[in-house]
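Below you'll find the structure, written out as structure tokens, and then a few comments.
What follows is calculated from the coordinates using simple rules that are stated; it is not laboratory data. Every value quoted in this text rests on a predicted model; they were computed, and no experiment measured them. In this analysis, Cβ positions are derived from the backbone assuming ideal geometry, glycine residues included, and neighbour counts consider all displayed protein chains.
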Amino acid sequence: MTTQSNACGRQSCDGPGCACGCRPINARRHAVNRNAVVIAAAIALAAVAASPAVAQTAGCGTGILTDVEVVVARVPQSTITSVHTRPTDGRKPGDRTVDAYTTPSERETKTYLVTVRLNDRVYVGRSSGDWFWEFDPTRLVINDPIETCVSRDTLRLRRPDGTDYKTKIVRVVRDVAHKAAPESR
């Protein structure tokens, strides 16, 4: 009686002549394939963890809010025409009023560009301001310290009410002049 797994999933099959009619699997071949998969996964994980781009972009600390810019633009949109017919006032049967409504062909959008200096880098984040419930970063004070977290393509700022304001990073610049200024004194 053998104790290796086989095609039917039983642990105690007798091999080619067993009652279930299964055939034994090659345990050595499956062990080699399993080991190769584990090794490949470990190498891929080590390569991602050691990537300098991921290591340099993640971090939190106290940054300086250097600028908040509001960009207002008009963008085209598709127009929709809605036509409604209704009876006028009921005095004459068959007399109808036709009302037609058309949406504008363009709309106004508002985008916020927030610039924060954290350590030796300047991050510019972009967020939409089209909806009334979205935070307006122009209420923040320029050149004040602000708690900042950078993670991949996201810039998070701690708002005065204690919640986070999240933007998408659109530009990162190494601030060499700012870092060299304190050293030259």
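Given R₀ = 35 Å, FRET efficiency for residue 172-residue 79 by Cβ-Cβ distance, to 0.05? Walk me through the numbers on the way to the answer.
Details: r = 39 Å, r/R0 = 1.12.
The value I calculate is 0.35.
Before anything else, pin down the relative contact order of the range 67-182: Cα pairs under 8 Å, at least 6 apart, normalised by residue count, whole percent. This gives 23 percent for the range 67-182.
Which FRET efficiency value, to the nearest 0.05, is calculated for residue 130 and residue 101 with the Förster distance at 22 angstrom and r the Cβ-Cβ distance?
On the way: r = 22 Å, r/R0 = 1.00.
Computed FRET efficiency for residue 130 and residue 101: 0.50.
Take the Cα of residue 163, step 7 Å toward its Cβ, do the same at residue 141, and the gap between the two points is 2.2 nm.
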